[in-house]
Amino acid sequence: MRRVDRKLDEVQTMELLQRGEYGVLSLIDPAGMPYGVPLNYAVKDGNIYVHAATEGKKLQCAAANPRVCFTVVGQTEVLPDKFSTRYESVMVFGRAAMVEPSDEKDEALLALIRKYSADHLENGIAYINNAKGKTVVIRIAPEEMTGKKRA
């Protein structure tokens, strides 16, 4: 990180990662082309969880090369008179793996429901039970994480 004066500490970085609304998962496709996709996510036990259909480009990319980058941008504000922007962001470098049907998969899907639909938990659990056979969960295990903020 070039601007170490803007570096977030580990606690601030994790807090931003947990409260972020969406992230961008960046992968490399089998042909070597970069592929970035914005998506919802949840953080549980230090891992990042996302979901996908049982087939598609995310899965092809992760199978070809499990090394990924996951980026979350928090609050931003353009500062026109300063030719700059206030921002906060987190970048996570790690490895993606498909979660086999298990308690971990169920808990990851429940973490997504709790994050995005907490007021509809009962219906969310029913939704998970109906859809989990058609849903893949991807675990991103962080290897390196950095947070940055310009106040």
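The values are calculated or read from the model by the stated rules, or taken from the named source; none is laboratory data. This is a predicted model, so every value here is computed, not measured. Positions of Cβ are backbone-derived with ideal geometry, glycine not excepted, and every protein chain shown enters the neighbour counts. Surface areas here come from the heavy atoms of the whole protein model, side chains and all, with no ligands, DNA or RNA. Shrake-Rupley method; radii C 1.70, N 1.55, O 1.52, S 1.80 Å.
Residues of the range 1-38 being of a type in the set (Val, Ile, Thr) and open to solvent by 90 Å² or more (accessible area, probe 1.4 Å), which ones? Before the answer, list the steps.
We begin by selecting, within the range 1-38, every residue of a type in the set (Val, Ile, Thr); these are 4, 11, 13, 24, 28, 37.
Listed by number, the residues that qualify are Val4, Val11.
Considering the conditions (1) crowded, with 16+ Cβ neighbours inside 10 Å; (2) under 25 Å from Ala131 (Cα atoms); (3) not small (Gly, Ala, Ser), Thr54 is excluded by exactly one of them, (1).
Which one of Arg139, Arg86 is in contact with a Lys or Arg (Cβ under 6 Å, 6 or more places away or on another chain), closer than 30 Å to Val4 by Cα, assigned to a strand (DSSP E or B) and open to solvent by 50 Å² or more (accessible area, probe 1.4 Å)? Can you show your working first?
Working: Arg139 fails: in contact with a Lys or Arg (Cβ under 6 Å, 6 or more places away or on another chain).
Answer to the selection: Arg86.
Determine whether Val43 is modelled with pLDDT of 95 or more, in contact with a strand residue (DSSP E or B) (Cβ under 7 Å, 6 or more places away or on another chain) and within 16 Å of Gly147 (Cβ to Cβ). Considered against the rule, which asks whether it is modelled with pLDDT of 95 or more, in contact with a strand residue (DSSP E or B) (Cβ under 7 Å, 6 or more places away or on another chain) and within 16 Å of Gly147 (Cβ to Cβ), Val43 comes out as no. Candidates in the range 39-51 are the residues that are open to solvent by 50 Å² or more (accessible area, probe 1.4 Å) and out of contact with any Ser or Thr (no Cβ under 6 Å at 6 or more places or on another chain); of these, the one that is farthest from Val136 (Cα to Cα) is Asp45. Can you confirm whether Glu143 is out of contact with any Ser or Thr (no Cβ under 9 Å at 6 or more places or on another chain) and not aliphatic (A, V, I, L, M)? Judged against the criteria, Glu143 is a match. Evaluation of Leu79 against the conditions (1) more than 18 Å from Tyr41 (Cα to Cα); (2) in contact with a Phe, Trp or Tyr (Cβ under 8 Å, 6 or more places away or on another chain); (3) open to solvent by less than 70 Å² (accessible area, probe 1.4 Å) shows that the sole unmet condition is (2).
Against the conditions (1) touching a His at 6+ places or on another chain (Cβ under 8 Å); (2) closer than 15 Å to Ile140 by Cβ, Val72 satisfies every one except (1). Find the residue count for the range 90-126, including only residues that are in a helix (DSSP H, G or I) and either out of contact with any Leu (no Cβ under 9 Å at 6 or more places or on another chain) or open to solvent by less than 70 Å² (accessible area, probe 1.4 Å) (or both). Final tally of qualifying residues: 21.
Contact map, the range 93-115: residues that are closer than 25 Å to Asn65 by Cα paired with residues that are assigned to a helix (DSSP H, G or I), Cβ distance under 6 Å, separation 6+ or inter-chain. Pairs shown: Ala96/Ala62; Val99/Lys105; Leu109/Ile128.
Out of all the residues in the range 61-76, which are closer than 20 Å to Ile28 by Cβ, touching a Phe, Trp or Tyr at 6+ places or on another chain (Cβ under 9 Å) and open to solvent by 50 Å² or more (accessible area, probe 1.4 Å)? The answer is Arg67, and nothing else.
Having 2 or more residues that are closer than 21 Å to Glu107 by Cβ is the bar; report the strands (runs of 3 or more DSSP E) wholly within the range 1-54 that clear it.
Numbers: elements: 23-28, 34-39, 42-44, 47-53.
Where strands (runs of 3 or more DSSP E) fall fully within the range 1-54 and carry at least 2 residues being closer than 21 Å to Glu107 by Cβ, they are 23-28, 42-44, 47-53.
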